[in-house]
Every structure is written in C-alpha cells, then in structure tokens.
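Structure first, commentary second.
The values are calculated or read from the model by the stated rules, or taken from the named source; none is laboratory data. It should be emphasised that the depicted structure is a prediction, and the values quoted were computed from it without experimental measurement. Cβ placement follows ideal geometry from the backbone for every residue including glycine, while neighbour counts extend to all protein chains displayed. Ligands, DNA and RNA are stripped out before the accessible areas are found, and what is left, the full protein with its side chains, is counted by its heavy atoms. Shrake-Rupley method; radii C 1.70, N 1.55, O 1.52, S 1.80 Å.
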Amino acid sequence: MGHEDAYLGMAAVPLDDLMCGEGIVEKLANTSCPIHDLLRRRWSPRAFANRPVEPEKLCSLLEAARWAPSSYNEQPWAYLLATREQPVEFARLLSVLVEGNVVWAQHAPVLMLSLARLNFERNGKPNRHAFHDVGLASENLIIQATAMGLAAHQMAGFHVDKAREVFNIPEGWEPTAAIALGYGGEAESLPEPLRSRELAPRTRKPLEQFVFTGRWGQVAPLVAHAQAANHQTTS
C-alpha cells in the first residue's frame, strides 16, 4: 500500500475504532440522499480527549489544505498553529477567542487560526474569492482530520483586532476563523448548556430551501422530484 493509499484506507476503519466510545458522541448526518461516509461523520464537537495529536497527522492535515483548489491557484490562505506542547503559543492563540469559546477550546490539544490574503499576489488586485478559497482549504483539512479519527470545530467567535495585534498580522491579510482540533472527548466533560448542545441532534435546511432553477426561490425540478420520490418511499 502506497503513502496515499495508507491514508485513504483509514476511511474504512470501523467507526467504533475511530470516534466512538463510552461517553464520546458520534453524530452521523441524517441525509435525504446518499453522501460519502466521511461527510456523514464530520461534525463540530466541543469535547476533546486529553490526548495530543501526533505531529505527522497535523502535517497531513495541513498538506490536505495545501492541495485545495483556488482562483488562479493563488492559494490565498495561511494558518497560525499552536499545540498544548507549546504552552506560551497556545495561551496566545487562546487569548484571542471570545470567552464562551475559551470555556471548552482550552481543553483541545490544537488551536489554529486561518487567514485570507485579500489581494491577488500576481497583480495586487482585490481577490473577491479569497474567503471562499480559504474555506475550501479548511474543509480539506477537516475532512482529512475526520478520515484520521480526529475532530475539528471552527469558530467565528474570536477577536479580530486582538488577533492582528497579538500575531502582528500584516496588512492585506484577514483573520478568518479559529479552529479547535483533537480527538473526540466525552460530552460529560462539558458544563451545561454546552453538554446539552453536544448531545442535541444535528439539523440542516432541506434542499428545496436553497437549490433553485430558473429564478430565485423556484425549487429546482431535480430536488422536487427527488423529495417526492423520497416521500413516496417513506410513506
């Protein structure tokens, strides 16, 4: 088995060996159409195990982000990274989070901050796709994490101006999202109401609310037919 196949093969490891265990929550998506198992398993926990993430796994996550698509292949992303083995750097990254996220994120073994380059490197013009492309890179990172038995929680709740100051972020770069990452932990380790939120079912808008054809708000026939067929099957 080659280097790439070794990591792809991890997706076939039984769920019980990856994310499930006594007190550890596994929340598979209840989908209306079949999707890849990695996508069904990905979710954003707040409980993390007291277990470090192996450096080689962290490198694989960042390599996955590296190979995300981007406009003109500009790759307009950067990541600030800190692990609990780097207590000073970990505390600095933790300090930019809002208080509500500090409560649980302080127990994650890895914290990250994604950043977007706002202008094209090739000509200095504004890159209106920068945030989109950073999102693609982070999704690559997170799906790779899921394949390797890890979990990640992205956060909008952080202080942008403080992040700029603490990390001396240069002009032209915009802090995008904070990320807590590690092995899944027990929901009972969380205080209320976070514990209840950890155990609550996952929900999503149905396809007919965001897939249109012809004009805004007109449900795409593909979706309408699929939903009708699904209703007949389940009724």
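Within the stretch 129-235, report the trypsin sites (Lys or Arg not before Pro) that DSSP leaves as loop and that have at most 13 other Cβ atoms within 10 Å.
Numbers: sites: K162, R164, R195, R197, R202, R204, R215; in loops: R202, R204, R215.
For trypsin sites (Lys or Arg not before Pro) across the stretch 129-235 that sit outside H, G, I, E and B with at most 13 neighbouring Cβ atoms in 10 Å, the list reads R202, R204, R215.
Based solely on its DSSP helices, what 222 nm [θ] is calculated for the chain when runs of n ≥ 4 H residues each add -39,500 (n - 2.57) and the sum is averaged over all residues, nearest 500 deg cm²/dmol? Each step should come with its number before you reach the end.
Values: 10 runs with 89 residues, N = 235.
Helices in the chain give a 222 nm mean residue ellipticity of -10500 deg cm²/dmol.
Excluding T146 itself, what net charge comes from residues whose Cβ is under 13 Å from its Cβ, given Lys and Arg +1 and Asp and Glu -1? Before the final figure, lay out the partial values.
Details: positive: K27, R40, R41, R42, K57; negative: E26, D37, E139.
Taking every other residue near T146 into account, the sum is +2.
Based on the Kirkwood radius over alpha-carbon pairs, what value in µm²/s does the Stokes-Einstein equation return for the translational diffusion coefficient of the chain at 10 °C and 1.306 mPa s?
Working: Rh = 19.7 Å.
In µm²/s, the coefficient is 81.
Quick check: at a probe of 1.4 Å, how many percent of the accessible area of the chain sits on carbon and sulfur atoms? Please list the in-between numbers first.
Details: 7420 of 13590 Å².
C and S atoms contribute 55 percent here.
Rounded to the nearest Å, what's the spacing between the alpha carbon centres of the stretch 198-216 and the stretch 34-50? Just the number, please.
A separation of 19 Å, based on Cα centres.
List the longest stretch of the chain that has no exposed loop site; here a site is one of the chymotrypsin sites (Phe, Trp or Tyr not before Pro) assigned by DSSP to anything other than H, G, I, E or B, with at most 14 other Cβ within 10 Å.
That would be 68-209.
Extension gain E54-R215, at 0.36 nm per residue separation less the Cα-Cα distance, in nm? Show your work: numbers first, answer last.
Working: separation 161, 0.36 × 161 = 57.96 nm, distance 4.90 nm.
Fully extending the segment from E54 to R215 adds 53.1 nm.
Accessible area per residue for the chain in Å², computed with a 1.4 Å probe and the full protein assembly in place, what is it? Don't jump to the answer; show the numbers that get you there.
Values: 13590 Å² over 235 residues.
Roughly 58 Å² per residue, with all protein chains present.
So which trypsin sites (Lys or Arg not before Pro) in the stretch 79-132 are both in a DSSP loop and have at most 13 other Cβ atoms within 10 Å of their Cβ?
On the way: sites: R84, R92, R117, R122, R128; in loops: R84, R122, R128.
Here the trypsin sites (Lys or Arg not before Pro) that fit, given the DSSP loop and packing criteria, are R122, R128.
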